[in-house]
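**Q** Take a look at this one; I'll ask things after.
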Amino acid sequence: STYLVLSLFIVLFTLFYLFFLLIMNQRFWDNVFFSSLKNSKRMHKIFEQLKVLKSLDRTYLLKMSLLSLLFYLCFLVQYVLLVSAFSHNHNLLEYFWAGNLIMFAKTVIPPISLGELGIREGASVYFLTQFGETSAVAFNASIFLFIINLLIPAFIGLVLLFKKNDN
């Protein structure tokens, strides 16, 4: 099971890297496939939106992609550490995999509440129970991730805002 999870991570990151290389390559944008998309009425809108990526500065795109990856990894590591802290098991690779599935579900399911509260928790309970954890561990890790990353910074910002308005 550990080797399967590790190999899936390697495959996913390799595919992401290859996709990034394709976007950065000028020949990718000039090939026959995209020239036929330009002429298609259905795909013209999508192609026009993708053309924005071509016009971006490569160093800017690289920096923003790395920052996004670091942001994602920060959330993922926090989630894995929280699950590991609440659980008596320490299957870190399985927790990483479950965290990726949860972030994917959070991306696919449209937000219906403030701070997407409920979506992450529900996905966390569903996926971690599939990995053999209890629903309490999954819910606690997810709600603490919400508290650490949204509530605490929001309260600090609120206090600073009130202090600024008093002056």
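The values are calculated or read from the model by the stated rules, or taken from the named source; none is laboratory data. Please read these numbers as outputs of a predicted model, since none were measured by experiment. When we count neighbours, we look across all protein chains shown, and the Cβ atoms used for this are built from the backbone with ideal geometry, even at glycine.
**Q** Pull up the stretch 86-106, narrow it to residues that are farther than 16 Å from LEU6 by Cβ and in contact (Cβ under 8 Å) with a residue 40 or more places away in the chain, then point me to the one that is surrounded by the fewest Cβ atoms within 10 Å (Cβ to Cβ).
**A** Checking each candidate, the answer is ASN89.
**Q** Got at least one residue in the stretch 70-85 being without any contact (Cβ under 8 Å) to a residue 60 or more places away in the chain, touching a His at 6+ places or on another chain (Cβ under 7 Å), of a type outside the set (Phe, Trp, Tyr) and assigned by TED's automatic domain parsing to the domain that holds TRP97?
**A** Yes: the stretch 70-85 contains one or more residues that are without any contact (Cβ under 8 Å) to a residue 60 or more places away in the chain, touching a His at 6+ places or on another chain (Cβ under 7 Å), of a type outside the set (Phe, Trp, Tyr) and assigned by TED's automatic domain parsing to the domain that holds TRP97.
**Q** Take TYR79 and tell me if it is within 21 Å of LEU8 (Cα to Cα) and at pLDDT 95 or above.
**A** yes
**Q** Given the structure, is PHE47 modelled with pLDDT under 75, among the aromatic types (Phe, Trp, Tyr), farther than 30 Å from VAL125 by Cα and surrounded by 12 or more Cβ atoms within 10 Å (Cβ to Cβ)?
**A** The answer is yes for PHE47.
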